[in-house]
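What follows is a single structure, written as structure tokens, with notes after it.
The values are calculated or read from the model by the stated rules, or taken from the named source; none is laboratory data. Here the structure is a predicted model, which is why all the values come from computation and not from measurement. As a convention, Cβ positions derive from the backbone with ideal geometry for all residues, glycine included, and neighbour counts pool all protein chains shown. Accessible surface areas use protein heavy atoms only, side chains included; no ligands, DNA or RNA. Shrake-Rupley method; radii C 1.70, N 1.55, O 1.52, S 1.80 Å.
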Amino acid sequence: MASGLDSFVNHTVSIITSDGRNFIGTLKGFDQTINVIIDESHERVYSTTSGVEQVMLGLHIIRGDNVAIVGLIDDELDNRLNLANIKAEPLNSVVH
Amino acid sequence: MLPLSLLRTAQNHPMLVELKNGETYNGHLVSCDNWMNINLREVICTSRDGDKFWRMPECYIRGSTIKYLRIPDEVIDMVKEEAVVKNRGRDMKGGRGGQNQRNRPAARGNFGGRTGKPGQGGRNPPFQKQKPK
């Protein structure tokens, strides 16, 4: 079955999980339940008082149940961001 | 690459498993199945707030309770070779054994039934109606 994620493989993606966290990494694979593999990943932690904190994580499998959004990142645009200057409220978790 | 292939390759490697309730389990992966149920050895469980710890020699985690798994970086390089070999195996089975074995008996059965018994059986009324016309 064709999935929209096919074209994201080996590209940088941003994954918003249902607990409101944001993981960035290279999408290495996925399956029919949207379990995903992200390589060289980091988490971006947002706060209103200081800039975005990046936590290096490495290789991850995120279970599909927990994936809310998978977005394709424009590497060039992303590299131009000054994360230290970005302040934002952290996301809330998904309400079921 | 399939997430569960990567997980299978990570057997005997250390990993961190975070559950949906926020607890984390650090241990060596012993085994896993197609539902992501996993067996860990030499486990350290950490509470949601990271303030309480439990050591246990072994534990079993139901796949559906997992939020994510953190796996050593080098494991992804080990899965590639395996994946190629496995895909070749699957292609062989699908192309030769599976399709042919399913199609042949069905096709022969249908033809035999129609041509061999023109005057009997449930499928014949259409034939008989056409003949008088």
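What to note about this one:
- Condition met for A:Arg21 (open to solvent by 50 Å² or more (accessible area, probe 1.4 Å) and among the basic types (Lys, Arg)): yes
- Looking only at residues of the stretch A:43-67 that are more than 12 Å from chain B (Cβ to nearest Cβ) and in contact with a strand residue (DSSP E or B) (Cβ under 9 Å, 6 or more places away or on another chain), we find that the one that is nearest to B:Arg48 (Cα to Cα) is A:Val45.
- Consider the stretch B:55-74 and keep the residues that are in a strand (DSSP E or B) and either more than 9 Å from every other protein chain (Cβ to nearest Cβ) or touching a Ser or Thr at 6+ places or on another chain (Cβ under 6 Å) (or both). The one that is surrounded by the most Cβ atoms within 10 Å (Cβ to Cβ) is B:Ile61.
- Residue count for the stretch A:26-60, restricted to those that are assigned to a strand (DSSP E or B), open to solvent by less than 50 Å² (accessible area, probe 1.4 Å) and within 20 Å of B:Thr9 (Cα to Cα): 14
- In the stretch A:74-85, the residues that are within 25 Å of A:Phe8 (Cβ to Cβ) and either surrounded by 12 or more Cβ atoms within 10 Å (Cβ to Cβ) or free of Cβ contacts under 8 Å to residues at least 40 places away in the same chain (or both): A:Asp74, A:Glu76, A:Leu77, A:Asp78, A:Asn79, A:Arg80, A:Leu81, A:Leu83
- Scanning the stretch B:4-18 for residues that are in contact with a Ser or Thr (Cβ under 9 Å, 6 or more places away or on another chain), within 10 Å of chain A (Cβ to nearest Cβ) and not charged (D, E, K, R), we see that the one that is surrounded by the most Cβ atoms within 10 Å (Cβ to Cβ) is B:Val17.
- Given (1) more than 10 Å from chain B (Cβ to nearest Cβ); (2) under 26 Å from B:Val17 (Cβ atoms), index of the condition A:Asp74 fails: (2)
- Some residue of the stretch A:3-18 being within 11 Å of chain B (Cβ to nearest Cβ), closer than 23 Å to B:Arg48 by Cα and in contact (Cβ under 8 Å) with a residue 60 or more places away in the chain: yes
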